[in-house]
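The values are calculated or read from the model by the stated rules, or taken from the named source; none is laboratory data. Everything numeric here is computed off the predicted structure, so don't read it as measured data. Every residue, glycine as well, gets a Cβ built from its backbone with ideal geometry; the counts of neighbours run over all protein chains shown.
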């Protein structure tokens, strides 16, 4: 396909919104618009009810206006509830600091005083809130202001409204020192949860921020050089599997491991990790469809990839370092050694290392997790599948780095030894032992799962009699190992 | 640096402060207030001046210096962030919303992103301060990308001397729907407990019940097809030897792959290609227009993060692809260049060129890529400013050289520049490595340089090999006067220049010097050099030298100097007639006593045979200038 023939075709592209101005980041809308407005409504209610009676039309009207506004906002923000919290220093909505302007901040102190009198600091407002429920809230405020008082810290509970006392973490003392192993587990768990939330937000209409995901990616990138094995182990423990967000997080771990091994700078490692996570987010939107019957390198393929770039641009950041990851969407579908047609690039280029790296990581993860119609494979089988196409579909050098990193029996898998015992792989054969010694490939360091937790280096001469017989299927694992066993 | 939890002072210990400690705290509070006041003001500068501008650099250096004065005694100092105030590590407020001159409290936004503490360590630099404040500014101006906030941006900076402390969120109340509606912290706890305590917790079961089906469904067509084709049946072509090959450990693989990342057609190049494809596909569409904007935005961002080489590569690519944009209203290259040639931006780029040694080449190329005239003008202004310290003077001159063309060559010798003494002083030493023969600015520059107050500049100008010096009229106007320069090196070089291409002029100049007795500043060695050179080039030279030997009586010191030199030379070249004259004057009481003695001294060292062969002084030599066999300098 030549570049000249392209212009008349891409109707899809023409109709696609590209980098259309969104309403801003979802969390910014929450903290900058919804939060201040929510406080504004509550203050208005307090003031109106102090001037008029509870039954007065003005009060009812203000309550109704508030509930309608609230419902609308919850729908728009794709949220079930707004949780307003007031601490000594801050106002928070759904856990994030409300970004007031100067005067609004001063005005909001009216709320702080009201909450203070009630000895509560948290107001939860849920979908379906009725004007009648607001009435009980106002009553509480009025009682707090009057002589009757309310039991300290008791608050109120309605079907769609709760006024309670919650612990707000605002002090540096709240962050405790914890076991490093636990910190690593927390990082992986945090990544999974944040990616799941991010993906969940993407299915709606908003353009969510991936900043919390990125924070975890950064933290993992920081510790990866020392604890890469541990993260492979966590992936292989398969706490959760078979979900888009898990696939994205795992691919990210594999891809960052590769990037680290290649020697990329830490910011590039993060870029690789974020690329892995966000590579398919446009497919979470229902409006994105791929044409049927396209073949690698044809016009449809080009247009489809271009549309992916456009949609991803809309969802992702236009920040330079983030935007560059769209290259993988542009190059998607090409085997490593196939030159992209000149409609892609004027010069004859093969897929960029970033694209190759992500492709390898994601394929390995898909093979080990399985998809509809394809059963999950054991890691050694998945590796063999990759290796069967080394040099044809996958970059030979990159694949070799990858298999040496992961190993035939990766960290975290449970294996059965020739003696019949089950054991957890905790180290793949070291680089030294790998040297010219193919026989060592199936001789990792394992920890017995017989209750003794004994560590056995199968490559050591004294254990020559033992070998890995097979990888144990998840359902047949006798004792699910703790992540701490990986250390 | 991302910090682990800082040590918080024991309240009891704080209560038992000694007077010295209280004094220290008072001093520290005052210093910190001053420092953060400066940081507050730095934001204004960051908003007015572009990245890399010298004024910003200087101001941030001053802040760093002020911090250093504290860090000399403290080693490090902690600052706790609050919504509307900053606290010391013992909890004392030292900078509040009210004390800030800004409408918006600068530290509110970082705090809202979860940053609750900063720590500055000994060695903190102006560059680090600037990077920190750029992050704070971006967050306050809301120019942060979707993937970022204060915490991620601070991580990117990878500070050596600034640590920050951040919370993931003040309260995690987001519902993780995929986790059965648990809140985020609860979902995380389930995962953690399931990983750490799989036997004793119900969390594994919880997870199993939530995630009981495989639902990876956002894969692209090609991946699905490929995975399905891989999964089907036995592996046909796989051999154990493949396994051996794959696992053969080669340390060179990493560096080899790294090279692919860092060189060749990089990500920026490919991404811009993708955006150009969008424009090409639908030039007048909204998508095309936005793609154009994104190209501009990304290139300017690359410049802001000092990826000058990448930015330049994009600009070169856009120039090469101008055919794509010819039929459209989109012209990203024009939009990129427009802000870059504003004086402040140019100033910043030139300043970064001084600071970033490893980026100099790229910055010079970038500047030369822009419009020639504004870059030339800026280079000229910088070169003329004596207050401007130029660590990479050669690079600035190089840019000037490269952006000066026939059309703007007259600018480099405009009076407003030439009249600044420092201008040519800076340029001339750094022009020598360039091809000046074909440079349109050379002639004008050389003409100005030979008249410069600095002898070094004059000398450098004469040292330039340029056709100008072969031009008779130029030599007469600009070189000949330098034969009487106050500085010997200049005079000598001027004579060499003349001697090489302008023999007649050369002779005239020497004759003029000798006849006029122009010895001011000249050493006797130089006078002798002139005389000997004159002999080589002028047949009647010895006649003049003999005349110079003759003076007697109360002649001037100048003439005595010339006479002495001439005597040495005629003796040196074994001019018998001249020797006879020297001898005669050495015996004459009309000759000044001191000169007479010097003549005698000279004669004492002459071969007696040669002295005997000298004719009578009043007899003319057979042939003027004739030298005995073997006679030479």
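Here are the numbers for this structure:
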| read-out | value |
| --- | --- |
| Residues of the stretch A:182-201 classified as more than 8 Å from chain B (Cβ to nearest Cβ) and over 15 Å from residue A:243 (Cβ atoms), total | 4 |
| Residue A:392, sole failed condition from (1) closer than 23 Å to residue B:230 by Cα; (2) crowded, with 24+ Cβ neighbours inside 10 Å; (3) more than 8 Å from chain B (Cβ to nearest Cβ) | (2) |
| Some residue of the stretch A:292-314 being assigned to a loop (DSSP other than H, G, I, E, B), facing chain B (nearest Cβ under 7 Å) and surrounded by 24 or more Cβ atoms within 10 Å (Cβ to Cβ) | no |
| Test: residue in the stretch B:310-317 that is free of Cβ contacts under 8 Å to residues at least 12 places away in the same chain and either more than 11 Å from chain A (Cβ to nearest Cβ) or crowded, with 17+ Cβ neighbours inside 10 Å (or both) | no |
| Subset of the stretch A:376-404 (residues that are more than 22 Å from residue B:260 (Cα to Cα) and touching a residue at least 24 places away in the same chain (Cβ under 8 Å)) | A:376, A:378, A:379, A:380, A:383 |
| Residues (more than 10 Å from chain B (Cβ to nearest Cβ) and under 18 Å from residue B:247 (Cβ atoms)) located in the stretch A:399-426 | A:405, A:406, A:409, A:410, A:411, A:413, A:415, A:425 |
| Residue in the stretch A:457-480 that is nearest to the other protein chains (Cβ to nearest Cβ), counting only those that are within 28 Å of residue A:182 (Cβ to Cβ) and touching a helix residue (DSSP H, G or I) at 6+ places or on another chain (Cβ under 9 Å) | A:480 |
| Single residue of A:373, A:407, A:412, A:333 found to be over 18 Å from residue A:268 (Cβ atoms), crowded, with 22+ Cβ neighbours inside 10 Å, touching a helix residue (DSSP H, G or I) at 6+ places or on another chain (Cβ under 7 Å) and free of Cβ contacts under 8 Å to residues at least 60 places away in the same chain | A:333 |
| Criterion (within 7 Å of chain B (Cβ to nearest Cβ) and over 30 Å from residue B:91 (Cα atoms)) met by exactly one of A:263, A:273, A:228 | A:263 |
| Residue that is modelled with the highest pLDDT [pool: residues in the stretch B:179-198 that are over 56 Å from the mean Cα position of the chain (by Cα) and within 7 Å of another protein chain (Cβ to nearest Cβ)] | B:194 |
| Selected residue [away from chain B (no Cβ under 14 Å), touching a strand residue (DSSP E or B) at 6+ places or on another chain (Cβ under 9 Å), at pLDDT 75 or above and more than 26 Å from residue B:181 (Cβ to Cβ)] from A:42, A:54, A:64, A:70 | A:42 |
| Boolean, residue B:142 is surrounded by fewer than 20 Cβ atoms within 10 Å (Cβ to Cβ), facing chain A (nearest Cβ under 7 Å) and over 25 Å from residue A:182 (Cβ atoms) | no |
| Identity of the residue in the stretch B:256-270, more than 7 Å from chain A (Cβ to nearest Cβ) and either surrounded by fewer than 18 Cβ atoms within 10 Å (Cβ to Cβ) or not in a helix (DSSP H, G or I) (or both), that ends up modelled with the highest pLDDT | B:259 |
| Given (1) at pLDDT 75 or above; (2) under 60 Å from the mean Cα position of the chain (by Cα); (3) part of a loop (DSSP other than H, G, I, E, B), index of the condition residue B:590 fails | (2) |
| Residues being facing chain B (nearest Cβ under 8 Å), on the phi < 0 side of the Ramachandran plot and not in a helix (DSSP H, G or I) - total across the stretch A:326-377 | 14 |
| Residue that is modelled with the lowest pLDDT [pool: residues in the stretch B:276-286 that are within 26 Å of residue A:339 (Cβ to Cβ) and facing chain A (nearest Cβ under 8 Å)] | B:282 |
| Residue in the stretch B:123-132 that is over 27 Å from the mean Cα position of the chain (by Cα) and surrounded by 22 or more Cβ atoms within 10 Å (Cβ to Cβ) present | no |
| Selection from the stretch B:65-97 of residues that are free of Cβ contacts under 8 Å to residues at least 24 places away in the same chain and within 11 Å of chain A (Cβ to nearest Cβ) | B:85, B:87, B:97 |
| Filtered residue count, the stretch B:336-352, keeping only those that are in a helix (DSSP H, G or I) and over 18 Å from the mean Cα position of the chain (by Cα) | 4 |
| Residue match in the stretch B:228-243 (condition: modelled with pLDDT of 80 or more and assigned to a loop (DSSP other than H, G, I, E, B)) | no |
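Residue by residue, here is whether (1) modelled with pLDDT under 90; (2) crowded, with 19+ Cβ neighbours inside 10 Å; (3) touching a strand residue (DSSP E or B) at 6+ places or on another chain (Cβ under 9 Å); (4) not in a helix (DSSP H, G or I) holds:
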| position | (1), (2), (3), (4) |
| --- | --- |
| B:9 | yes, no, no, yes |
| B:32 | no, yes, yes, no |
| B:37 | no, no, yes, no |
| B:42 | no, yes, no, no |
| B:45 | no, no, no, no |
| B:50 | yes, yes, no, yes |
| B:58 | no, no, no, no |
| B:83 | yes, yes, yes, yes |
